[in-house]
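Each remark here refers to the structure printed beneath this line.
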Amino acid sequence: MNLHVSADIWQPIRLTLELAALTTVILMLVGTPIAWWLARSRAWWKEAVAALVAIPLVLPPTVLGFYLLVALGPSGPGGALASLWGARTLAFTFPGLVIGSVLFSMPFVVQPIRNAFEAMGEKPMEAAATLRASPWRAFWTIAVPLASPGFLTGAILGFAHTVGEFGVVLMIGGSIPGRTKVLSVAIYDYVETSQWTEASVLALGMVVFSFAVILTMMLIEKKMTKSTS
Amino acid sequence: MSTVKVDFRGTLGRFELNARFEVPARGVTAIFGPSGCGKTAVMRCIAGLNRLDGMCSVAGDVWQDEKTFRPVHQRPIGYVFQEANLFPHLSVRRNLMYGHPGKAGAGAIGFDEIVGLLGIARLLERSPRHLSGGERQRVAIGRALLSQPKLLLMDEPLSALDQMTKDEILPYLERLHAALVLPILYISHDIAEVERLADQLVLMRNGAVLASGPLSELQSDLSLPLALSRDAAVSLDATVLKQDAADGMATLEVGGGYFLVPAEPLTLGTRRRLRVLADDVSLALETPSRSTIVNVLRARILEIRSQSDHRVTALLGLGEDGQGARLLSRVTQRSWNELGLQQGLPVYAQVKGVALVRREEPLA
């Protein structure tokens, strides 16, 4: 076994962190209004929307990846969008990866935030309204602080899930070093080319990372139940 | 005169509501009725938390009619919920200040005044999580008041509390009532609370308003369920005339008569509220010569109602002419017949028990 670790190993790590960070930020911005609506709306069809958001939980990643590939490709809406700046396609690009990751990690962000909003109930918002707080002020001063454990959980899960994503990325990103080759794909490639050292370094890193994530989540949950009792 | 005018009708959930009343926009108006009769629904509609067809105006200011529906946060209300509903992530002080308009809009109700009135000064830096039920409710009342409301809505603020805590808070409510010129709508299903606090009453049954008006009028209206209930009573606003230093007996004047009541030292000239249960008033045709009953008042029988339990509830007017304050008396059908009592007859009302139910307030 070759004990020399290739310097290339840092590239997928950096790319993965960039992708996960950007995806998480976008998910917080997009997921919060969706979670708010799902928690508060009385529309009968809201559970259909919730199911749509949750589909990636059960759908094989390759299926989602396949549709995304079609949608982001030259003849799909993604291609049309890309042509605005002279590109031919969004597939096999970093922006394409971000779009895919956002859709794929959406349920992991929306669900905890929605749960937190629902656990809070209507009462604090009603109290705020009777104290002259506009809905906007009540949202920022009451709902967001009260739901903060949900936001934290959502952010951590969204980030971690994006880091660990493989199938969707492989379908729509391929394995272009520095552009679409993320951690999980890199590990696969290292194994394919028998670079066992690099593969095991990355794999071990993922195990440690995952452990830290799960532990953090459990601690947050514990703190959350303590504060509501 | 400025009034709170309400007229809501419609269905809320499985609930049919048809509530219409108009009461003066001053003092405490109790909305009274059994659990589930729609009291909370009416109050939530006034606050704008629920929306039903109808109208609502307070002191001439229209909050809702066919064309307008003012959102909750634009109505000058204070709302005290059954559970205090404090913001758990904010300290008591920040809870209190949440609805305060700030320096620019600082109104008539000051922070220090409210904190003193409610006795919450030592709680200010604490988290609501570490307060007792009674403390939480006092903070909630303070928070509502500091938003400088023009109408205070209180939805059974004491119902979630045990009797001891209730007794601890009631004096604070009475102090508020005496210290602030702020109309209060107060939901309760506890007649004892109503008798202590209310000036006006809105009587509700099954989503509809049975009657509304001054408390003593509704209490003594024999066509309403209140006067025929087991704990029927009248509330009388009385003036302290004198007090015997030796035995503590105070003389309080009501329209058409005087009551002698043993009491802690009272301030002469102040107003106190007396409560007299119908069961504690018996009737006689002549004044009894030797008896432990100290209050024997001349009265006239104004109206009677026989009840299914073979008892008679009579409405009395105090004074020889029957023009004074109203009392209720409940006696058995047998004694009624034996004495040959009937409407219009002058009688002596023997009052076995009189309770002072409200703290003193200066003569208006």
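Points worth noting:
- Unmet requirement for B:Gly48, which otherwise passes all of (1) within 11 Å of another protein chain (Cβ to nearest Cβ); (2) in contact (Cβ under 8 Å) with a residue 40 or more places away in the chain; (3) within 26 Å of the chain's Cα centre (by Cα): (2)
- Only listed residue being within 14 Å of chain B (Cβ to nearest Cβ) and either under 30 Å from A:Phe66 (Cα atoms) or outside any helix (DSSP H, G or I) (or both), chosen from A:Arg114, A:Arg137, A:Arg88, A:Arg132: A:Arg132
- Residue check, A:Val168 hydrophobic (A, V, I, L, M, F, W, C) and in contact with a helix residue (DSSP H, G or I) (Cβ under 7 Å, 6 or more places away or on another chain): yes
- Residue match in segment B:71-81 (condition: away from chain A (no Cβ under 14 Å) and either surrounded by fewer than 23 Cβ atoms within 10 Å (Cβ to Cβ) or assigned to a strand (DSSP E or B) (or both)): no
Each row is one residue, and each column tells you yes or no for (1) outside the structural domain of B:Gly36 (by TED's automatic domain parsing); (2) in contact with a helix residue (DSSP H, G or I) (Cβ under 9 Å, 6 or more places away or on another chain).
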| position | (1), (2) |
| --- | --- |
| B:Val139 | no, yes |
| B:Ala144 | no, yes |
| B:Leu161 | no, yes |
| B:Leu185 | no, yes |
| B:Leu226 | yes, yes |
| B:Lys242 | yes, no |
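- Unmet requirement for B:Glu125, which otherwise passes all of (1) farther than 16 Å from A:Pro124 by Cα; (2) in contact (Cβ under 8 Å) with a residue 40 or more places away in the chain; (3) surrounded by fewer than 22 Cβ atoms within 10 Å (Cβ to Cβ): (2)
- Pick from segment B:142-170, criterion surrounded by fewer than 20 Cβ atoms within 10 Å (Cβ to Cβ) and within 14 Å of chain A (Cβ to nearest Cβ), ranking: modelled with the lowest pLDDT: B:Ala160
- A count restricted to segment A:67-85 and to residues that are surrounded by 15 or more Cβ atoms within 10 Å (Cβ to Cβ) and either part of a loop (DSSP other than H, G, I, E, B) or touching a residue at least 60 places away in the same chain (Cβ under 8 Å) (or both) stands at 5.
- Checked against (1) crowded, with 21+ Cβ neighbours inside 10 Å; (2) farther than 23 Å from B:Ala19 by Cβ; (3) at the interface with chain A (Cβ under 8 Å from one of its Cβ atoms), B:Leu118 passes all but a single condition, namely (3).
- Qualifying residue in segment B:246-254 (condition: assigned by TED's automatic domain parsing to the domain that holds B:Leu356, touching a Gly at 6+ places or on another chain (Cβ under 8 Å) and surrounded by 15 or more Cβ atoms within 10 Å (Cβ to Cβ)): yes
- Test result for A:Leu59, under 17 Å from the mean Cα position of the chain (by Cα), surrounded by fewer than 20 Cβ atoms within 10 Å (Cβ to Cβ) and at pLDDT below 95: yes
- Selected residue (only one of A:Val207, A:Val191 is of a type outside the set (Phe, Trp, Tyr), within 20 Å of the chain's Cα centre (by Cα) and part of a helix (DSSP H, G or I)): A:Val207
- Qualifying positions in segment B:283-294 - in contact (Cβ under 8 Å) with a residue 12 or more places away in the chain and part of a loop (DSSP other than H, G, I, E, B): B:Leu285, B:Glu286, B:Thr287, B:Pro288, B:Ser291, B:Ile293, B:Val294
- Checking each residue in segment B:82-104 for being of a type in the set (Gly, Ala, Ser) and at the interface with another protein chain (Cβ under 10 Å from one of its Cβ atoms) picks out B:Ala84, B:Gly99.
- Hits in segment A:170-226 - residues which are within 14 Å of chain B (Cβ to nearest Cβ) and either free of Cβ contacts under 8 Å to residues at least 40 places away in the same chain or hydrophobic (A, V, I, L, M, F, W, C) (or both): A:Met224, A:Thr225, A:Lys226
- Test: residue in segment B:24-40 that is within 14 Å of another protein chain (Cβ to nearest Cβ), out of contact with any helix residue (DSSP H, G or I) (no Cβ under 6 Å at 6 or more places or on another chain) and either farther than 26 Å from B:Ala160 by Cβ or at pLDDT 90 or above (or both): yes
- When segment B:295-331 is limited to residues that are within 23 Å of the chain's Cα centre (by Cα) and outside any strand (DSSP E or B), the one that is surrounded by the fewest Cβ atoms within 10 Å (Cβ to Cβ) turns out to be B:Gly324.
- Hits in segment B:171-190 (condition: at pLDDT below 90 and among the β-branched types (Val, Ile, Thr)): B:Val181
- Members of segment B:51-62 found to be part of a strand (DSSP E or B), under 25 Å from the mean Cα position of the chain (by Cα) and not aliphatic (A, V, I, L, M), listed by number: B:Cys56, B:Ser57, B:Asp61
- Take the conditions (1) under 25 Å from A:Ser148 (Cβ atoms); (2) touching a residue at least 12 places away in the same chain (Cβ under 8 Å); A:Pro61 misses just one of them, which is (1).
The values are calculated or read from the model by the stated rules, or taken from the named source; none is laboratory data. Keep in mind it's a predicted model, so treat the numbers as computed, not measured. Ideal geometry is used to build each Cβ from the backbone, glycine not excepted, and the neighbour counts take in all protein chains shown.
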